[in-house]
Structure formats: structure tokens, C-alpha cells
Amino acid sequence: MAHTAKKRSGFRGFLILAVITILLGGYLWSQGDLISPVQSTTMLVSLSSAGDSGFAMVGERGAPPDAAAAATVATAAGASNSESVAVEAAPVAETVTQASTTTTLTLDEFIAQLAAAGVDVDAVSATMSTEGRSLDNLLAVVNSGRTTVADLATRLSGQTTQIDTGSTESTEETPSAPAEDGGSTSLLDFRWEELGSVAYNLWFMLASTIFVIVLGRPIGWLINRFKRTPAANA
Amino acid sequence: MTATQLLQKQTIAKDRALSKRKLNKVKLNVYLDLLLTAVFVVEMEEHFTGLPLHEVLGLLFAVAFLLHIILHWDWVVSITKTFFKKVLHESRFNYVLNVALFADMAFVTISGILISRTLGLNLALGEDFRRTLQTLHMVGSELVLIIVALHVAMHWKWIKTNGSKTLFGWLPRRTARNQAK
């Protein structure tokens, strides 16, 4: 009798857990925060450093763009050799723009595309490393969608499209306040729009629990059977 | 009062003290585990906290994690001693899982300290090495999430029983209410 009551209580607990997991999962799904571990790992592999503001998951919805890195573009552009800009930079840059709007670049692809656009990558990298940054930071800006490789290439090589039209270089891509993009150094500076990711971690634990409970039954049964078989044979 | 009665009284008092201490240890475990879970899910999302808090929370988590192991040290010792006596047992799977979790957590913590930017260590690491360590730190922490999720799942019975006792123990029990009716 007590055993049945305990069993019933366990089942009720499982049902509550399942309902909470499904509801939370549904909510996260509607918010676009429910991503598969495979997808998340893929993003992690192509992740970038985001300066003092920390890491930035490439391609993640709502990921903070790398403002600090964007701000260094202007500095790096000054250091790059403007004579190294190839004549065919513009067509290459156009191709790059199309590619970069649809895919997430890896560092190698990014370097290759910058080099193809005529940017002296080594010089840019050297300048950035003196500031404690790397090309990863620039890649984060590109992958966050704030700018394109083409735009970056033209700015890095000192040949902006604005020069052709007679205007000065636009600074709208380089916000001056790092706090705007989460680069603040204050200790309690939460980005509440990222709360969904925190909820996702919690949801993942609950979902794993359900998975283990469901999977545990047949496995337990198999192990018991395996244990009994030699005893029965003996 | 006879000597036997005195002995019985002493035994009962000892048992009560022991059970109270045990209960307190369970309570401590429940609260510590709750803290660990809360810090862990927040700590995992560096986007949410920002880098300075992420690094401070990481250190806090490492301390709490060590405390968690110390509180379960008896279990660690007993399973280590008898690991091969009963290989096909749930506790053995738990043990392997926990060793993996410890190793991964240690790696993530140490790599996190090495690549730290706001703790004031400023270690002179090569750019390539730092980048590699950063990637491994991230991948390692994703793996930690998976192992922790399995760890929670494997201890679900304990969490359900002791969590409800500790956190909702003040609520009147349904069975008690039924009996009262």
C-alpha cells in the first residue's frame, strides 16, 4: 500500500517535471532561445573573443556585437599599407559582401577574404596585437552582422566608398561607448535580453533529467536481467 | 533510575543529536546545491553577466564546488575503495561521471584563470595559446553543462526527496491532513 502511494507520488513528480520542462521549452522555442547542442557547439567552435566585453557567440541571436573591436578598425586602418590595395579590390569586396551576409566566417576564411581584398593582414594584425586585440575581434564584428568584410577591407586599406562619393568616412559603425554593447567593466551589468540563455541552461538540465529517468527504466531492467542470468544458469 | 534506564536515555539523546546533525548536513547540502545550480546557470552565460562578474562568479563557483566535494568526501572514499567489487552498479556510473565532471571543471576553472582579463593577473600568454585556451575553455564549459545535467538527473531522487523536505517542509503534508480528516 505504502509502496503504491510512493510509486504514485513519484509518477506525479515526474509529470510535474515533464509539464514544467515542456512549458519552459515551448517558451524558449517561441523566443528563439531553444537551440540544439549541436548548433550551439558549432557556434562555439567559430566563436570569437570580444575584447574586454568578453566572448561573443558567433551567429547567436542577440549576441552583443564587438564594439571594442569595431573601434579599433579605425586605428588599424591607419596602420595598414594603402598602397597594398589591389585594383580589383572592389569586385572582390562585392563578392565578399554577398558571402558574408549569408554565412558565418571562420578566422581562416576571414583572413583569406581580407587578403583577397588587398588588405595587409599582417600589418593590421600587428597593430591590433599592440593594443591587446586580435583579428578575432574584427571577425566578431563581421559575424555579428554590424559590418561586412568588404566594408572592413575598404576601411582597413584606407579606401572607403565614401571617398569616391566625396564624403568623409562614416563613423556610424563604431560606437564610442563600449557600455552600449556590453563592454562595460562594472561588476553588476546584466544584459537582461540574454536571460533566455540562462533559462536554456536550466531547461537543458530538466530535459536531461527526464531523458535519464525515461532511459533509466529499460537500462535498469536490462542490468537486472543481466545480473540474474548467470545466477539462474548456475 | 537504574543503570539500564540511564543508558537507554543516553542512547536516545545520542541518536537524536546524530540525526539532527545528519539533517543539518542534508540541509546544508540542499542549500549549497541550490546555490551551485543558480551560480552555474548564470555563470555559463557570459553574455548575461559581463566578463568581470563572469570571472568573479567563476572563482566563487570553484570554491563552492570544492565545498560540495568535501561534503561528499565519505562517499568518494567509500566508492573508491570498493569500485571493482560491484562494477555494474548505479553508484559506479555516478563515480565515473563525477570524476569526469571534476576533471572538466578543474580544466575550465584553471583555463578561465589563465585567460582572465579582469582579475588583474594579466598573464603573458602567446596570442595563439590564449586563443586556443579560450576555445577549449568554451567547449569545456559546454561539456560541463552536459555532465552537470546528467549529474542532476542521476541524483534526481535525492533532490526531489530532500529538496521538498528542506524547502517545503513547512507545508502541511497531504497524508497528515487526510489522517486528520
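Table for the structure above
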| quantity | calculated |
| --- | --- |
| Kyte-Doolittle mean at least -1.0, axial Cα span of 15 Å or more - DSSP H helices of chain B | B:3-43, B:51-71, B:90-114, B:127-154, B:156-168 |
| Cα convex hull of region B:31-87, projected area averaged across orientations, nm² | 5.0 |
| Neighbour-count ranking [beta-carbon atoms within 10 angstrom, fewest first] of A:ASP151, B:ASP15 | B:ASP15, A:ASP151 |
| Packing-based order for B:67-79, B:139-151, using average beta carbon neighbours within 10 Å, highest first | B:139-151, B:67-79 |
| Inter-site label distance for B:LEU59 and B:SER78 at 7 Å from Cα along Cβ, in nm | 3.6 |
| Stokes-Einstein D for region B:38-181, Kirkwood Rh over Cα pairs, 4 °C, 1.567 mPa s (µm²/s) | 72 |
| Average other protein chain Cβ within 10 Å of Cβ, residues A:212-224 | 2 |
| Per-residue mean of C-beta atoms belonging to partner chains within 10 Å, peptide A:201-207 | 6 |
| FRET efficiency, B:LEU136 to A:THR104 (Cβ-Cβ, R0 25 Å, nearest 0.05) | 0.80 |
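Read-outs throughout are calculated quantities, based only on the coordinates presented, and are distinct from any laboratory measurement. Just so you know, these numbers come straight off a predicted model, no measurement behind them. So basically every Cβ, Gly included, is an ideal-geometry build from the backbone, and we count neighbours across all protein chains shown.
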